[in-house]
Each structure stands twice: as structure tokens, then as C-alpha cells.
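Shown next, in C-alpha cells, is the structure this report addresses.
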């Protein structure tokens with residue numbers, strides 16, 4: 001589902017909002033096999049500035065909306081579907097109940113991460129998964145290959161849109177839609193938008209990827225555009241912004257949230273990614289458990305740390321991390337300029353003996369940039 005093939009030519013998938021993004025002159029780029037907006041040249045009003053910095057600031061200070069319809073959607077249904085999925089993923093689904101969601105990882109036998117995903121529980125017999133765009137088809141295949149005959153796994157990648165509303169003014173936007181919602185973090189519900197019942201049910205979950213208070217809305221694919229246009233109307237009343245995946249990346253990096261292919265991969269285990277909190281080694285079994293138990297007992301050879309630069313250097317993925325003797329001790333997995341802190345920040349895999357407070361350097365194109373290991377998040381989280 002990540003891409004289609006037409007006569008040997010790979011064609012990127014398109015969001016249900018693709019034409020809207022084109023009309024807004026968004027900068028589009030490939031993201032997990034999908035043509036997605038990276039940034040917009042201007043705000044909703046011609047007089048408002050656009051770009052990553054303005055979009056980032058809007059989310060931290062007011063509200064921003066994102067089209068993240070490229071994210072995967074997978075349905076798992078059948079008697080004891082929850083038990084089956086729990087036998088595959090690292091976290092313990094028995095810790096949640098219907099109406100709740102949980103962050104999870106799907107590993108291979110070696111403990112490598114096939115993908116990180118959110119699991120929604122409608123009932124013990126009805127689960128809904130949100131994997132990453134590029135990995136949706138693979139996650140679905142793994143589940144299908146392992147599912148008992150009575151469990152039905154469906155790849156619904158292009159059946160739902162995903163619209164994120166993030167920022168301190170999120171509640172104002174939801175109220176403007178005619179919705180009164182009071183959900184705990186990682187809880188979800190289904191609603192219809194008042195006056196727009198023909199759009200059908202919309203799944204709304206208190207989740208996000210920015211570190212700010214917010215919701216993710218999952219309308220039916222054909223309802224995504226009219227709901228987006230309504231959201232644009234409502235946020236324009238309070239100086240909100242439409243936001244691209246460029247600001248989504250700077251926002252998530254300030255939180256230290258992992259991105260698959262950077263902080264997590266088949267070569268980077270959850271323990272190395274400092275995501276052990278999402279791994280329940282007390283469960284009877286799950287894919288990759290034996291490998292992760294062995295890795296924990298032996299001690300990880302590298303671990304993800306947060307680096308805060310003290311000069312003008314901007315770290316980027318793939319750059320070497322060095323100790324005071326000039327020896328390579330790690331590598332940057334994600335790096336950017338922090339619009340909030342006005343300095344360079346990074347997530348890096350380094351040798352585990354380097355802990356919070358350690359002084360290191362990043363080789364920024366041949367120039368040494370001073371950096372200190374700090375505790376995450378880089379900026380205060382407001383998700384709760």
C-alpha cells in the first residue's frame with residue numbers, strides 16, 4: 001500500500017487532501033512512499049508567514065493542524081484478537097481496556113524493530129493499529145502470516161484519513177466543531193460532527209507527535225477533505241496554521257520521540273532506542289523476546305541519548321559523535337535546529353557509558369560542534 005506500480009514506474013500514493021495541498025502551494029516530498037506536504041509558503045491568510053519556523057511556533061503557542069493520512073491503518077478482528085496481537089507486540093495490551101490506545105513495537109526474531117505503532121482497543125475482539133506509512137504493508141503481512149484462521153487482518157491504509165490538531169488552543173477548535181470531548185491521554189472515542197452526520201463516524205484519540213495537547217481525528221477517506229476544510233476555517237479564527245511534516249519533525253525531535261528508520265529499525269532494538277518502557281519482558285512471549293532478554297542481560301552496546309549543542313552547529317543524521325580524545329563514540333540518528341531553544345539538538349546512538357552531563361562533540365561537516373548529553377524532553381511536554 002505504500003506505493004503502486006504502473007508499467008514498472010513507481011507512483012507515490014496521495015493523501016485525500018493532495019489537491020488541497022497543491023492548491024495551497026505546499027512544498028511536497030516523498031514520505032514513506034506518499035506525496036506529503038513538508039511546509040506551506042504562507043499561512044491561511046496571505047498576510048501570515050509560512051514555513052517550518054512559523055508552523056512550529058503556531059503549535060507550541062496556539063494551534064496547528066497536520067495531514068498525516070499517510071499513516072497506516074490495520075484492522076484485527078476475531079475472537080481473542082487482543083490476545084493474538086499481544087503475542088506479537090512488545091508492550092502489554094492487558095494494561096489497557098476498550099476505549100484506550102497503547103504505544104507498541106513489532107519486532108523480528110532478532111529483536112530488531114519492524115515498526116512502532118499505536119494499538120487502539122475497541123473490544124478484546126476488535127483492534128485497530130496505526131503503523132508508519134512505509135511499513136504498513138509489512139506489518140499487515142507479518143500479522144496475517146501469524147494469525148490463527150479465525151482472526152481477520154485487513155490493511156485499510158486508504159480507508160481513513162488522519163488529521164492531527166495540536167497545540168494549547170486545541171480545545172477551542174474542538175468546541176468550534178461542536179464537540180465537547182474530555183479524554184484522558186491515549187484514550188479515544190467515536191463521534192459524528194454536528195451538522196455533518198453524513199460524514200459518518202470519526203475516531204478521535206488524545207494522541208499526537210508534537211508534545212502538545214492535541215487530538216488525532218480519523219474520518220472516512222472521503223470525509224477527510226471536508227473535515228479538513230472545516231478545521232482550516234476554525235483555526236483561521238485564532239491565528240492557527242496548517243502545518244507540514246517539516247515542523248512535525250522539529251516538534252517531535254524537541255520531545256525526543258523516535259522516528260522509525262532513524263531511532264528505530266531492524267538494526268536498532270527497542271533497548272538501544274531507550275524505548276524499554278514499551279517492552280514488557282514479563283509477558284509469556286512475543287516476537288523477539290528471547291533476543292531482547294539476552295541483550296538486556298549482556299548490556300546494550302549503544303543507547304539513544306539527547307544532545308544539546310552549545311554553539312552554532314546543527315547536527316544531522318549520520319554525523320559522527322566524538323569524545324574529548326577525538327574518538328568516535330556514536331552517531332546522530334536525528335538532528336535539527338530547535339526553533340524553541342534556538343540551538344542545535346540531536347538524538348544519537350552512543351556508547352552507554354556516556355550519560356547525562358557528558359560533554360561530547362559532533363563532527364558537523366569537518367567542524368567540531370560542542371554538545372552535552374541532556375535529559376529528554378528538550379522542551380517541556382504538555383501532552384497531559
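A few points about this structure:
- At 0.692 mPa s and 37 °C, Stokes D of the stretch 17-90 from Kirkwood alpha-carbon radius, µm² per second: 217 µm²/s
- Largest first, the extents of the alpha carbon coordinates of the stretch 248-324 on the three principal axes equal 49, 33, 18 Å.
- Here the mean projected area of the convex hull built on the C-alpha positions of the stretch 74-155 is 4.6 nm².
- Dividing the mean sequence gap of close Cα pairs (under 8 Å, 6+ apart) by how many residues the chain holds gives a relative contact order of 17 percent.
- Cα gyration tensor shape for the stretch 140-279, rounded if a/c is under 1.5, else prolate or oblate: oblate
- Quotient of Cα Rg and 2.2 N^0.38 Å for the stretch 227-276, N being how many residues it contains: 1.66
- GNM remark for the chain: springs join alpha carbons under 10 Å apart, and the peak mean-square fluctuation among 293, 68, 202 falls on 293.
- With all pairs of separate Cα atoms included, the stretch 264-384 yields a Kirkwood hydrodynamic radius of 15.3 Å.
- Whole-angstrom gap from the stretch 319-384 to the stretch 51-102, using each part's C-alpha centre: 28 Å
- Between the stretch 111-168 and the stretch 195-249, the alpha-carbon center distance in angstrom: 20 Å
- Compactness of the chain, taken as the C-alpha radius of gyration over 2.2 N^0.38 Å, stands at 0.99.
- Over the stretch 301-375, relative contact order from alpha-carbon pairs under 8 Å, at least 6 apart, %: 40 percent
We did not get these values from a lab; they are worked out from the coordinates using the rules stated. These numbers come from a predicted model, not from an experiment.
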